[in-house]
Each structure stands twice: as C-alpha cells, then as structure tokens.
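S.K.: Submitted below is the structure of interest, expressed as structure tokens.
The values are calculated or read from the model by the stated rules, or taken from the named source; none is laboratory data. Every value quoted in this text rests on a predicted model; they were computed, and no experiment measured them. As a convention, Cβ positions derive from the backbone with ideal geometry for all residues, glycine included, and neighbour counts pool all protein chains shown.
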Amino acid sequence: MLLFAARRLMLAVLVALTVSVICFFLLHLSGDLAQALAGSSSSASDVEAVRKAYGLDRPIIVQYLGWASRVLTGDLGQSYFFKEPVAKLIAERLPVTMVLGVCALVFAVALALPLGVVAALRPNSWIDRTALTISVLGQALPSFWFALMLIIVFGLTLRWLPISGSGTWQHLVLPSIALGYYATPAIMRLTRAGMIEVLASDYIRTARAKGLRAPSVLFKHALRNAVIPVVALAAVQFGFMLGGSIVIETVFALHGIGYLAWESIARADFPIVQAIVLILASVYVVLTFLADILNAFLDPRLRVG
Amino acid sequence: MTAVLEVEGLRVDIAMAAGALHAVRGVDLALAPGETLGLVGETGCGKSLSALALMDLLPRRVRRSARRMVLDGEDLAAASPRRMEDLRGDRMAMIFQEPMTSLNPAYTIGNQLAEALMRHRAVGAAAARDRAVELLEKVGITAAGERLRQYPHQLSGGLRQRVMIAMALMCGPRLLICDEPTTALDVTIQAQILLLLKALQREFGMAMIFITHDLGVVARIADRIAVMYAGEVVELASAAELFAAPGHPYTRGLLRCLPVPGRDRGEPLGVIPGMVPNLAQEIAGCAFANRCDRAADACRAAPPPWAPGAHRARCILAPRAVA
C-alpha cells in the first residue's frame, strides 16, 4: 500500500511539472506579452522598455527557470495590474472557488448516485427514463444558459435566492446547482452501468444465497464495487468544475479565482493567469492522486506496487 | 426416515417476448437426510434452473411454481420472499460453478464468512470468527486464522471453492446444493473437492443435490441419479443401477458418449443425433422422441408413463421391473 502510494505520488509530481512547463510556454508563445502590456497603441520604444522592465527580453528557458525556481519557494510573482503579490491575490479568492467546487460536487454526487442506483434496479422503467432525461439535459444545456435560467426562475421570479455576489450560504446555492448539474450525467450513467454489471455478477448471487437482506446485498456488496470507477470520475469532474467555475463565477459575480482569471486574461496580467493555471492543474493532480488512494482502499486488488 | 426435501411438479417458466419458455416442466425430487442426489443432463436441460428455483434465486423474469415443495417440514412454495431469505444460507445453502467470481473482491474472506453466520444467528463477531476458522480448517485450509484477513484475489481457484464450501456450511444447512462445483477446477483439485464434499456430508448429515454434466463425477459422489432432459427427469435410479442397466434411451446415449479406457480403441465416441425440442411450445409426447432411434408412433402421441418404483424411466420401452 505504501509502495503503491509512493509510486502514485511520484507520477503526480511529474504530471505537475509537465503542466507547469506547457502552461508557461503556451502563454509566452500565444502572442507578444510586452505588446499586450504596453497597449496596442504604444510606440515601438515603449514596447521595448516594457520588455526590458519585465525581463521578457531574456531567452524563454531562462525566464521559465527563473519563474519555476521562485514558484518552488512559494513566490508566484507580482501582478502587473494590482501591483501586489500573486500569491496574496489568489489566497484571497481560492476559498470561494474551492467552496463552490465542493458544494457543486456534493450536489452532483447527491443527485447522481441515488438516481444511478434506482435506474440500475429497474432498467428501462419510467424511473430509468426520467433519470436518463435529466442526464441528457445536463449534458446538452450550456452551463451559462442554465445558470441564467436559474437566476430568472429562482432569483427574479420566485425571489427565493440572491442572484449574484457572495457572503451568505444562500449565495452559493444557485452557482453550486449550475456548476454541479453539469457533472451529474456522467456520474449517474457510470453509477447505473456499474450497478447493472455488478448486480448481474456471481458474488451478488452468492450474497443472496447467504440469505442477506436486500439493503445489505445492494449497499454492502453491490454499491461498493460499482462506485470504484465513479470515484475516479468524480475527481476528474471536480477538476473540470474548478475550470468551469470561470463561467459560473462570471455569471454570478462570485469573486473566486475563476473570476480573477477571467479579468486577468482581459488585462494581460499573465503572472496571475499562469499561477491560476498552475494551481488548477495542481489541484487536479492532487485530486487524481487522492482518487487513486481511495480506489485502492475500495478495491483491494489495486493495492499492489 | 422423513425426507429432507420433497418436490412435486416443479415448473420454471421464463417470460419471453413471444411467450413463456417452459424451461423446467414438472420435476419431482425427494431426498433423505445424508443422501446425495446427482442431477445430470446437458446444458439447458433445466438442472441449474431447478436448483435456483429451490433456492428462490431465479432472475426477475423467471417464475417458479410447484404442486409441492417442502424442505424439512417448511413449505417453500408458500414461503414469502423474506421467509426464503431466512431459509437461504441457514437451512439450505448453495455453491456455484465459478469460484473465481463467486466471492466479493472488495471484502476479506473472514468478513464474507462471518457475515453468513451473523445474518442467521445472534452471535458476535468473535464467535463468528471462531466458527469461520473452524470451518476453514474443516475444508482443509491451513493457517485459517491468517486466511481470514486475505482477499479473494490472493487465493487460487481451488482455495476459493473451499472457502465457498465453508461459507455454505456456516449455519449447518440441512440441504446443500452444489451446482457444478468442480467444473472450473483442474482434475486433481476436482478429485480433492469431491472427497471433501463427501466427508463433510457424512459429518454434517446433510442431504446434497449435486448438479453436473459429467457422468464420471456423478458416479463417484451420488447415491441416486436423476437424468434430466428438456426440462424433465427422464430417469431416476440408484447410481449403481443407472450405470449397470440404463432404462431410458437418452441415458444410454449419454453413456455411449463416455470414453472407456481399453475399449472401443480407434472407434469414434457415440453422439446423440438431432436437437433438443423447442421448449416454448407444448410437447405432446415424449420429449426425446425426435432423437430416439427406437421411437414409435405411440411415443409422439402421449407422454410416456412415470410409474412408481425404485428405478424409473420415462419411456414406454423401459422394462417395468428394472428394479
């Protein structure tokens, strides 16, 4: 188990490193940063001055190594726009995004898991078809449109919930639903498929042959095996949600890192963009690592080096 | 001696789009305590479905019905699904063909063994663990205490089948149904498991139904043999009599398909020509008539008689007094 965890951890570090390289180079190759910083109407000499001031005239490898070594000491650089440390700006906003992501994931799992189980118990019944409809809608509706519909119905017409900003838990309800609903279909379909397969397996017949009651057969013997792939998927979905929160945070004016990324791209504030991409990627890597560990906990066959 | 199990007119119908498929068409079985009944027949003859019907483990679209189905004085035909759950694993237990997939990969052997006892008896975890160790030792597993912490994937097929047997015996059932328990195992392990089952049966005094398509296996373990064909029992006799004087043409055909060492060298093995009849339709006469080389018009007109007696064959040509 320790060897397994160590191997996964090494892999995770490698992935994080690769992501940092790719994101740094892509940003620098996507256009002339000095030009973007100086503004499109500035003169050639101004652009050169900006280039020198921010060290953008150095070879890109040197720039990367400089940035990477500072990141390792916890220094994410200075924001061009705010003139403040990037780490401080992100630390202020990351909790909003994380809380939103966790709420959205909880909403998605709480909706998708029971729907998937019920659909698997009665395949092709009206319950299964209803669950399928819900999931297809979730996949088909663009999240910004769905978010606007939620605002119109629950915020403007029914006036149950605030439509934008943050502060109270009520502010998180609509964004969590909008963000979480998008992840519901995949989790539900995978739960359903997993449960159908597991329920037809020999060890479920064994469990029934022992005379176990239906809840024990269903939850102890079937669900535990059926959720193994769902755990990995949920981790990936959580990563997607943090990325997707850029849209949702913008629609609901939530000041998380998604909203910050959106503003910073418009301002060519690339130290912030770079740091956010790195943080989202790292969160993603950590989640995948945790999902692997959780999977090994659920499935003893995976606990080998 | 009162019978452990009495079954009369067991039928199993599978709901199909085009109508019901009559997979088991009126099977009668009776078992005395400590007796082993071999249930033999080819794939699809209804032997496994009959066993699953007794256990009430049939899939949802499959229905069982019987004129009479009594286990140890308890009417199984009238038992509710909850009552059947109480009986399963306690008074009747079953082991299956696939030891590799019959244990839950997510739980330890100890957990799965203890669960079988704790479901039916008011015992604590420690007592259940002791019982599990005792039974693992009985089924010939060494270092039983350590095995309890192992997961199924850490065990070989033969060991897993021993665990399945131990699990079935946790509550000391009156009836043990073995559905091809040795088919997936290699030949040496097969012999060990058969000997083990025989020994355990004597020790526990339980009745056993042993399902197989392997006549060689059934000859070694069964006291009596029921040969099934197309959803019904076509011949029922003691093991010795069945092999010495098979009364039904289908049984004779099956025996001709067996290789015999030292005889028939170079000659092809026997085959039974033709196909099993379609069980979705009603069969008027003898189900085997279309494949029987001695079939007469009378065979196709009416079902052959099934006279009482120790050795019975569902065939008009069978001598009345084989027993």
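S.K.: Quick one: in the stretch B:55-91, which of the residues that are under 27 Å from A:Asn124 (Cβ atoms) and among the basic types (Lys, Arg) is farthest from the other protein chains (Cβ to nearest Cβ)?
M.R.: B:Arg63
S.K.: For the stretch A:37-46, state whether one or more residues are closer than 30 Å to A:Arg301 by Cβ and assigned to a loop (DSSP other than H, G, I, E, B).
M.R.: Looking through the stretch A:37-46, none of the residues is closer than 30 Å to A:Arg301 by Cβ and assigned to a loop (DSSP other than H, G, I, E, B).
S.K.: Being within 25 Å of the chain's Cα centre (by Cα) and either farther than 19 Å from B:Gln154 by Cα or among the hydroxyl-bearing types (Ser, Thr, Tyr) (or both) is the filter; apply it to the stretch B:98-134 and report the residue that is farthest from the other protein chains (Cβ to nearest Cβ).
M.R.: Checking each candidate, the answer is B:Leu117.
Matching residues to (1) in a loop (DSSP other than H, G, I, E, B); (2) crowded, with 16+ Cβ neighbours inside 10 Å; (3) in the same structural domain as A:Ala110 (by TED's automatic domain parsing):
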| site | (1), (2), (3) |
| --- | --- |
| A:Leu212 | yes, yes, yes |
| A:Pro215 | no, no, yes |
| A:Ala232 | no, yes, yes |
| A:Ile246 | no, yes, yes |
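S.K.: Sticking with this one: For the stretch A:123-150, give me each residue that is assigned to a loop (DSSP other than H, G, I, E, B) and surrounded by 12 or more Cβ atoms within 10 Å (Cβ to Cβ).
M.R.: A:Pro123, A:Ser125, A:Leu141
S.K.: Looking only at the stretch A:18-38, decide whether some residue is farther than 20 Å from A:Ile265 by Cβ and without any contact (Cβ under 8 Å) to a residue 40 or more places away in the chain.
M.R.: yes
S.K.: Same structure, new question: Kindly provide the set of residues from the stretch B:205-218 that are in a helix (DSSP H, G or I) and either crowded, with 17+ Cβ neighbours inside 10 Å or on the phi > 0 side of the Ramachandran plot (or both), ordered by number.
M.R.: Those that are in a helix (DSSP H, G or I) and either crowded, with 17+ Cβ neighbours inside 10 Å or on the phi > 0 side of the Ramachandran plot (or both): B:Leu215, B:Val217, B:Val218.
S.K.: Hey, another quick one. Quick check on A:Gly167: is it part of a loop (DSSP other than H, G, I, E, B) and away from every other protein chain (no Cβ under 14 Å)?
M.R.: When the stated conditions are applied, A:Gly167 passes them.
S.K.: Further question: Could you list all residues from the stretch A:217-230 that are facing chain B (nearest Cβ under 10 Å), more than 28 Å from the chain's Cα centre (by Cα) and surrounded by fewer than 24 Cβ atoms within 10 Å (Cβ to Cβ)?
M.R.: Residues satisfying the conditions are A:Val217, A:Lys220.
S.K.: Does any residue of the stretch A:186-198 turn out to be surrounded by fewer than 18 Cβ atoms within 10 Å (Cβ to Cβ) and within 14 Å of another protein chain (Cβ to nearest Cβ)?
M.R.: yes
S.K.: Report the residue count in the stretch A:36-68 for those that are loosely packed, with under 13 Cβ neighbours inside 10 Å and touching an Asp or Glu at 6+ places or on another chain (Cβ under 9 Å).
M.R.: Residues meeting the conditions: 2.
S.K.: Still on this model: Considering only residues that are under 28 Å from B:Ala18 (Cα atoms), surrounded by 13 or more Cβ atoms within 10 Å (Cβ to Cβ) and either of a type outside the set (A, V, I, L, M, F, W, C) or at pLDDT below 85 (or both), which ones fall in the stretch B:280-300?
M.R.: B:Ala280, B:Ile283, B:Gly285, B:Asn290, B:Arg291, B:Arg300, listed by residue number.
S.K.: Name, by its number, the condition in (1) buried (at least 20 other Cβ atoms within 10 Å of the Cβ); (2) within 14 Å of another protein chain (Cβ to nearest Cβ); (3) charged (D, E, K, R) that does not hold for A:Asp269.
M.R.: (2)
S.K.: Could you figure out which of (1) over 21 Å from A:Val109 (Cα atoms); (2) within 12 Å of another protein chain (Cβ to nearest Cβ) isn't true of A:Glu263?
M.R.: Going through the list (1) over 21 Å from A:Val109 (Cα atoms); (2) within 12 Å of another protein chain (Cβ to nearest Cβ), A:Glu263 breaks only (2).
S.K.: OK, next. I need the full set of residues from the stretch A:69-87 which are under 25 Å from the mean Cα position of the chain (by Cα) and surrounded by 15 or more Cβ atoms within 10 Å (Cβ to Cβ), in order please.
M.R.: Of everything in the stretch A:69-87, those that are under 25 Å from the mean Cα position of the chain (by Cα) and surrounded by 15 or more Cβ atoms within 10 Å (Cβ to Cβ) turn out to be A:Val71, A:Leu76, A:Gly77, A:Ser79, A:Pro85, A:Val86, A:Ala87.
S.K.: So is B:Gln97 farther than 23 Å from B:Gly205 by Cβ and modelled with pLDDT of 95 or more or not?
M.R.: No, not satisfied.
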